[in-house]
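A.B. asks: Here you go, one structure.
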Amino acid sequence: MQQQESALIDLRSDTLTTPSTAMRDAMLHAVVGDDVYAEDPTVIALQEYAAALLEKEAALYAPSGTQSNLLALFAHCDRGDEYIVGDSAHTFRYEGGGAAILGSIPPQPVPMAMDGTLGLDAIEAVIKPDDFHFARSRLICLENTHAGEPLPLGYAEAVAGLAQRRGLAMHLDGARLFNAALAQNRTPAALAAPFDSVSICLSKGLGAPVGSLLVGSAVLIDEARRWRKV
Ligand SMILES: *Cc1c(COP(=O)(O)O)cnc(C)c1O
């Protein structure tokens, strides 16, 4: 069906963008293969491109950003580990409680400011001591951009310093990381640097009909691939 030309721009969501003719053409003519056997040259090229772009070792394609965030949580955390997350973050509020429901990974929410930051003291205050009454604090999850705002420059580095000191891993929900990179005149790799893993969306204002990638170390991505199968 032909789409109608319209002067109105639908701003309900940035996922409303549709593929351009060039993108449809690329999809039609893409060289494809069996991804289970790692034999789809186009998926492999996309994953290698994303890993190189963010200067990490490896990447994994997932159909949605909710799924790539969930794969990150599964890859970082065991059953009974918790993740520290903003109380209005996508990974806390808008993913159906998937980590808790499917992974036995409880969230530990912390108040989230409009610019996406969580107070360093607030993070520190919810990190649990090693005591069997508590879930094990394992991971800090940030989001960039949040509510249309990029994280302030230097903030993720400060959180990473805290995470390193307290032995926690760092995941970024970078659904719109490229918007932040453009707004702040930084490379996507520079914004990804403080994190062990980053999820990015291809369907947010980039025109792709679906798709997300989880990017991180080869070991972490191997673990995520296992969970993607599950
Ligand atoms: C859109 C979005 C996601 C992923 O959403 P999907 O619809 O599952 O692809 C994750 N985090 C943020 C911040 C988002 O805006």
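A.B. asks: If you filter the range 1-88 for chymotrypsin sites (Phe, Trp or Tyr not before Pro), then keep DSSP loop positions with at most 13 other Cβ within 10 Å, what is left?
C.D. replies: TYR37
A.B. asks: Which of THR117, THR66, THR187 moves most in a GNM of the chain, Cα contacts under 10 Å?
C.D. replies: Among THR117, THR66, THR187, the largest GNM mean-square fluctuation belongs to THR187.
A.B. asks: Quick check on packing: order 16-25, 205-214 by the mean number of other C-beta atoms within 10 Å, highest mean leading.
C.D. replies: Output ranking for 16-25, 205-214: 205-214, 16-25.
A.B. asks: Using 7 Å Cα-to-Cβ label points, what is the SER13/GLU157 separation (nm, one decimal)?
C.D. replies: Spacing of the two 7 Å Cα→Cβ label points: 3.6 nm.
A.B. asks: Could I ask something else about it? Relative to the first principal axis of the alpha-carbon coordinates of the chain, what is the inclination of helix 41-53, with its axis defined by its Cα atoms, in degrees from 0 to 90 and to the nearest 10?
C.D. replies: Compared with the principal axis, the helix lies near 50 degrees.
A.B. asks: Further question on the same structure: May I ask you to order 193-199, 127-133 by the average number of other C-beta atoms within 10 Å around their residues, highest value first?
C.D. replies: The packing order, highest mean first, is 193-199, 127-133.
A.B. asks: Now a separate question. Under the rule of -39500 (n - 2.57) per DSSP H run of 4 or more residues, summed and divided by the residues of the chain, what mean residue ellipticity at 222 nm is obtained, to the nearest 500 deg cm²/dmol?
C.D. replies: Per the formula, -10500 deg cm²/dmol.
A.B. asks: Mind giving me the nanometre distance, one decimal, between the label points for ILE44 and LYS128, set 7 Å out from Cα along Cα→Cβ?
C.D. replies: 4.3 nm
A.B. asks: While we're here: Given 25 °C and 0.890 mPa s, how large is the Stokes-Einstein diffusion coefficient of the chain in µm²/s, with Rh as the Kirkwood radius over Cα pairs?
C.D. replies: Reported coefficient: 134 µm²/s.
A.B. asks: Against the longest principal axis of the chain, how steep is helix 155-166, in degrees 0 to 90 to the nearest 10, with axes from Cα atoms?
C.D. replies: In the chain, helix 155-166 runs at an angle near 50 degrees to the longest axis.
A.B. asks: How would the range 107-200 be classified by its alpha-carbon gyration tensor: rounded, prolate or oblate, with rounded meaning a/c under 1.5 and the a/b versus b/c comparison settling the rest?
C.D. replies: prolate
A.B. asks: Now, a different point. Pulled fully out, how much extra length does the chain show between ALA100 and ALA190, if you take 0.36 nm times their separation in residues and subtract their Cα-Cα distance?
C.D. replies: This chain segment gains 29.3 nm when fully extended.
A.B. asks: Which loop-located GluC sites (Glu not before Pro) does the range 31-89 contain, where loop means any DSSP state but H, G, I, E or B and the Cβ has at most 14 other Cβ atoms within 10 Å?
C.D. replies: GLU39, GLU55, GLU57
A.B. asks: A further question follows. For a quick check: sort TYR94, TYR155 by the number of other beta carbons within 10 angstrom, fewest at the front.
C.D. replies: TYR94, TYR155
A.B. asks: Around ALA62, under 15 Å between beta carbons, what's the net of Lys plus Arg minus Asp minus Glu among the other residues?
C.D. replies: Net local charge, ALA62 excluded: -1.
None of the figures in this text is laboratory data; all of them are computed from the coordinates on show. Since we're looking at a predicted model, the values are computed, not measured. Here the Cβ is made from the backbone with ideal geometry for all residues, glycine too, and neighbour counts use every protein chain on show.
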